[in-house]
Amino acid sequence: MEAPHPSELLQNLASFLKEERLRSNLSQDQVAHLSGLSRKTITQLENGKGGNLESLIKVLDAIKRLDVWSVFEVKPMISPLQLAKLARAKRKRATGTRIVKPKPLPANLPRPKF
């Protein structure tokens, strides 16, 4: 499967913003007011013609869709080396009282006959 061209991604994002604004029953003027941006910036974002990440985040917040931003959240990853260290540090046995083995009898003592 071929990755979409950046212009196609930009158009998809623009369509998403417009659809979500309409679904929220907000006009461009209302979104501009809520986000602190100009109406022209909202129009440009919805047409895929401009804007920046900060504007995008402000618009997503205004239309109550910051949840989509979680896709970009970086999750901490454990390296194989760290994973091996954790496995080594993990307990393998329970500690408890040790069983003491009896000492062997000296060789010069007579052994019982059965």
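Every number here is computed from the coordinates shown, using simple stated rules; none is lab data. None of these values were measured; they are calculated from a predicted model. Using ideal geometry, Cβ is built from the backbone for each residue, glycine included, and neighbour counts are taken over all protein chains shown.
Values as computed for the structure displayed
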{"quantity": "GluC sites (Glu not before Pro) within segment 1-48: DSSP coil, no more than 14 neighbouring Cβ in 10 Å", "calculated": "2"}
{"quantity": "Sum of -39500 (n - 2.57) over DSSP H runs of 4+, divided by residues of the chain (222 nm, nearest 500)", "calculated": "-14500 deg cm²/dmol"}
{"quantity": "Relative contact order (%) - criterion: Cα under 8 Å, at least six apart; region: segment 6-65", "calculated": "39 percent"}
{"quantity": "Segment residue 78-residue 53, length gained on full extension (0.36 nm per residue, minus Cα span)", "calculated": "6.1 nm"}
{"quantity": "Computed E for residue 34/residue 70 - FRET, C-beta separation, R0 22 angstrom, nearest 0.05", "calculated": "0.60"}
{"quantity": "Ellipsoid equivalent to segment 6-65 - semi-axes via the Cα gyration tensor, in Å", "calculated": "16, 12, 10"}
{"quantity": "Neighbourhood net charge (11 Å Cβ-Cβ; Lys/Arg +1, Asp/Glu -1) for residue 36", "calculated": "-1"}
{"quantity": "Straight-distance crosslink candidates among lysines, where the alpha carbon sits under 28 Å from residue 85 and sequence neighbours closer than 8 are dropped", "calculated": "75"}
{"quantity": "Using alpha-carbon coordinates, inclination of helix 6-23 to the longest axis of the chain, degrees", "calculated": "80 degrees"}
{"quantity": "Order of 5, 33 under a 10 Å beta carbon neighbour criterion, fewest first", "calculated": "5, 33"}
{"quantity": "Within straight-line cross-link reach of residue 18, lysines at Cα separation under 24 Å, skipping those fewer than 8 residues along the same chain", "calculated": "40, 49, 58, 64"}
